[in-house]
Amino acid sequence: TACSSTQWLAETAIRCVVPPGTGSAHAISLTVNGNWSSNATFTFDAPVMDSLLLYSGTSGGGHGMLGGRNFGTVDVGAEVLLGDTACQPTLWVSASSMSCVAAPGVGGNLPVSMVLHRNTSQEQSGVAPTRFSYRRPVVSSTSLRAQTGTLPIITVRGANFGLQDYMPTARVGVTACKATAWTSDTEFACVVPPGTGDQPVSISVENGASNPAVAPRFRYLDPPVTVAIAAVPWQDGVVNRSITITGRNYGTTPTQVSVAIGGTQALSSAWVSSTAVVATISPGAGESKDVRLAVYAQSASGQTSFTYRAPTVTT
């Protein structure tokens, strides 16, 4: 492109009025009386972005406008990127405006950049001072709202989890699920971790996180309470002994339980009902031994103890 005007100043100087343009490292050529030379380059001011108006869910398709300057007086193959993903498409509007249709994606606080003359020797780029965030994930419902026995796998439904697996992290309260499995943009599975109380279910995908304050909640079993212990009478010739622990909050379906007497784990423990657990204990000695009952990682409260049969002297 020729200078808008060229003026000779001296043996060593010529003034060129540069026409509008974009890009970097443009070769400068000079012809004087048929003699040609080119040993210098010229770079236009880089594109400057100072405003972005764009909203999009994780499925993409959100249409927005990018404002600024130095975008060029013609379309030079500009590309706007949200994070590492190019808009689909980027459309040049004017020297101060670009149109962007967001591609599918996830995350928040993503850098916004523009590239002119992509993949050429004149490639030039700029970064916007503003950031872009896809709509944050929203958790709207769960397949199970309360624990009834062994900690379950729950299906969590909502929106903006991503059109592909971005390795989300789901939480019940502040504790991460033992495993999170993405299913779709609207559904994932969570292996519920141990916990207590009534807790919100939330998810984070890249830098975008759902709001626990408005999330559905999952209720753990109330902490178990031990009230009494009943034991099968001692029998001569029987090595092991069965005991029944009664109380409350042991779950309404078969639940993982464990029993220990004086720090020694029972040979076996089994859930009977929401108010009863049976255990088989091995021989021991002593009185007022602490009885520890755990119902799926929750220790039972209550004052209970067990006394082994007193030794007998026969001769």
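The values are calculated or read from the model by the stated rules, or taken from the named source; none is laboratory data. Here the structure is a predicted model, which is why all the values come from computation and not from measurement. Neighbour counts are summed over all protein chains in view; Cβ atoms, including those assigned to glycine, are modelled from backbone coordinates with ideal geometry. Note: areas computed on protein heavy atoms with side chains; ligands, DNA, RNA excluded. Shrake-Rupley method; radii C 1.70, N 1.55, O 1.52, S 1.80 Å.
Just give me the residues in the stretch 156-172 being of a type in the set (A, V, I, L, M) and open to solvent by less than 20 Å² (accessible area, probe 1.4 Å), in sequence order.
Val156, Ala170, Val172 - these are the residues of the stretch 156-172 that are of a type in the set (A, V, I, L, M) and open to solvent by less than 20 Å² (accessible area, probe 1.4 Å).
Go through the stretch 257-282 and report how many residues are within 18 Å of Thr307 (Cβ to Cβ) and crowded, with 18+ Cβ neighbours inside 10 Å.
Residues that pass the stated criteria total 5.
Could you list all residues from the stretch 224-244 that are over 12 Å from Ile281 (Cα atoms) and either polar (S, T, N, Q) or at pLDDT 85 or above (or both)?
Pro224, Val225, Thr226, Val227, Ala228, Ile229, Ala230, Gln235
So Leu110 passes all but one of these: (1) buried (at least 19 other Cβ atoms within 10 Å of the Cβ); (2) in contact with a Pro (Cβ under 9 Å, 6 or more places away or on another chain). Which condition number does it fail?
Of the numbered conditions (1) buried (at least 19 other Cβ atoms within 10 Å of the Cβ); (2) in contact with a Pro (Cβ under 9 Å, 6 or more places away or on another chain), the odd one out for Leu110 is (2).
Scan the stretch 121-151 residue by residue and report those that are in a strand (DSSP E or B), among the small types (Gly, Ala, Ser) and under 30 Å from Ser202 (Cα atoms).
Matches in the stretch 121-151: Ser140, Ser141, Ala146.
When you check Val227 against the structure, is it open to solvent by less than 50 Å² (accessible area, probe 1.4 Å), touching a residue at least 12 places away in the same chain (Cβ under 8 Å) and of a type in the set (A, V, I, L, M), yes or no?
no
Yes or no, residue by residue, for (1) surrounded by 15 or more Cβ atoms within 10 Å (Cβ to Cβ); (2) touching a Gly at 6+ places or on another chain (Cβ under 6 Å); (3) more than 30 Å from Val295 (Cα to Cα):
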{"position": "Ala86", "(1), (2), (3)": "yes, no, yes"}
{"position": "Val101", "(1), (2), (3)": "yes, no, yes"}
{"position": "Val106", "(1), (2), (3)": "yes, yes, yes"}
{"position": "Val139", "(1), (2), (3)": "yes, yes, no"}
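Is it fair to say Ser299 is in contact with a Lys or Arg (Cβ under 7 Å, 6 or more places away or on another chain) and open to solvent by 70 Å² or more (accessible area, probe 1.4 Å)?
Against the criterion (in contact with a Lys or Arg (Cβ under 7 Å, 6 or more places away or on another chain) and open to solvent by 70 Å² or more (accessible area, probe 1.4 Å)), Ser299 qualifies.
Hand me the list of strands (runs of 3 or more DSSP E) wholly inside the stretch 6-73 holding 1 or more residues that are in contact with a Ser or Thr (Cβ under 7 Å, 6 or more places away or on another chain), closer than 25 Å to Pro104 by Cβ and open to solvent by less than 40 Å² (accessible area, probe 1.4 Å).
Because the criterion is at least 1 residues that are in contact with a Ser or Thr (Cβ under 7 Å, 6 or more places away or on another chain), closer than 25 Å to Pro104 by Cβ and open to solvent by less than 40 Å² (accessible area, probe 1.4 Å), the strands (runs of 3 or more DSSP E) in the stretch 6-73 that meet it are 63-69.
Which condition from (1) closer than 22 Å to Thr150 by Cα; (2) of a type outside the set (Lys, Arg); (3) surrounded by fewer than 14 Cβ atoms within 10 Å (Cβ to Cβ); (4) more than 39 Å from the chain's Cα centre (by Cα) is the one that Val291 breaks?
Val291 satisfies every listed condition except (3).
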